[in-house]
Each structure stands twice: as structure tokens, then as C-alpha cells.
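The values are calculated or read from the model by the stated rules, or taken from the named source; none is laboratory data. None of these values were measured; they are calculated from a predicted model. Ideal geometry is used to build each Cβ from the backbone, glycine not excepted, and the neighbour counts take in all protein chains shown. With ligands, DNA and RNA removed, areas are computed over all heavy atoms of the protein, side chains included. Shrake-Rupley method; radii C 1.70, N 1.55, O 1.52, S 1.80 Å.
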Amino acid sequence: EWHYYISSRQLSPQQLLHHARMEWSVESMHWLLDVHFEEDWCLIQDKVVQQHLNMFRKAAINLIKLFKERTQTKRPISNIMLDCLIDLNYILCVVGENWFAWFFWMHIDKITKICYHEYIKSCRSNWI
């Protein structure tokens, strides 16, 4: 399979490879957010809430990736997310020793309420 890139910069093959991989890592993250969190369908109009949701979604995906590395599991991200929803003790295994994740876990109720409130508000504005 061939990929063609156009650039105005003079790059060595190693530099071009680095830039191409960086672009695909960004695209990969956007794909994960859209597939697992349906981010493209998010109707929240408040920019601050959108940014916070995006940050927490990325944190959740990164925590699951760290869990997969730590446990050497081959299970897909979607199955791990589902298990976290079904068994609340399993989420503690995924979180591990990450201090940010503990903070996130302790405040998830408050975050969920804010996001739910903003989501309902955005739905109402689209109904009218």
C-alpha cells in the first residue's frame, strides 16, 4: 500500500515518517472518540462543557490503554468499557494506581450530572 504526502519542507525520510505517524495518531484518537463515545453526535453547545467532556473521554481511553498494557490483554476497548459499566469493581482494576483517575472516579457523579444537564438543555433547544 502506498501513501503520498505533499510538503513544502525539505524532510529526510525519517522526519517524513515521524510527521506521517504523528498525523495518524491524531486521526486514530479522533476515530476512537467517535466510535466509543459518539463524539460527532454530541449536541452540547457550551464550549467549556465540550472541552471538559473531550478531556474526560480522552482520559478514559488512555486509562484503558494503560490497563491493556499493564495486563497484556487483547480484549477490545469497547468490551473493557462495557465491563466497567456492568461491574463497578472492575473499573477500580482499570484505574489502577493512577492518581488522576482516582480524582476522576471520586468526582464522576458531579461530572455526570453537569454533562447530563447540558445534554438535556441541548436536546431541548433542538426540539424547539
- Message: All but one of (1) in contact with a helix residue (DSSP H, G or I) (Cβ under 7 Å, 6 or more places away or on another chain); (2) surrounded by fewer than 16 Cβ atoms within 10 Å (Cβ to Cβ); (3) at pLDDT 75 or above; (4) of a type in the set (A, V, I, L, M, F, W, C) hold for Leu33; state the number of the condition that does not hold.
- Response: (2)
- Qualifying positions in the stretch 1-23 - of a type in the set (A, V, I, L, M, F, W, C) and either loosely packed, with under 11 Cβ neighbours inside 10 Å or in contact with a strand residue (DSSP E or B) (Cβ under 9 Å, 6 or more places away or on another chain) (or both): Trp2, Ile6, Met22
- Note on the structure: Residue hits (the stretch 55-77; part of a helix (DSSP H, G or I), over 17 Å from Gly96 (Cα atoms) and free of Cβ contacts under 8 Å to residues at least 12 places away in the same chain) are Met55
- Does any residue of the stretch 2-24 turn out to be at pLDDT 80 or above and in contact with a Cys (Cβ under 9 Å, 6 or more places away or on another chain)? no
- Can you tell me how many residues in the stretch 64-82 are loosely packed, with under 15 Cβ neighbours inside 10 Å and within 18 Å of Val26 (Cβ to Cβ)? 1
- Note on the structure: Residue hits (the stretch 36-54; part of a helix (DSSP H, G or I) and exposed (fewer than 14 other Cβ atoms within 10 Å of the Cβ)) are Asp40, Trp41, Lys47, Val48, Gln51
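Looking at the structure I just gave you, is Ile61 under 14 Å from Val95 (Cα atoms) and open to solvent by less than 50 Å² (accessible area, probe 1.4 Å)?
Criteria met by Ile61.
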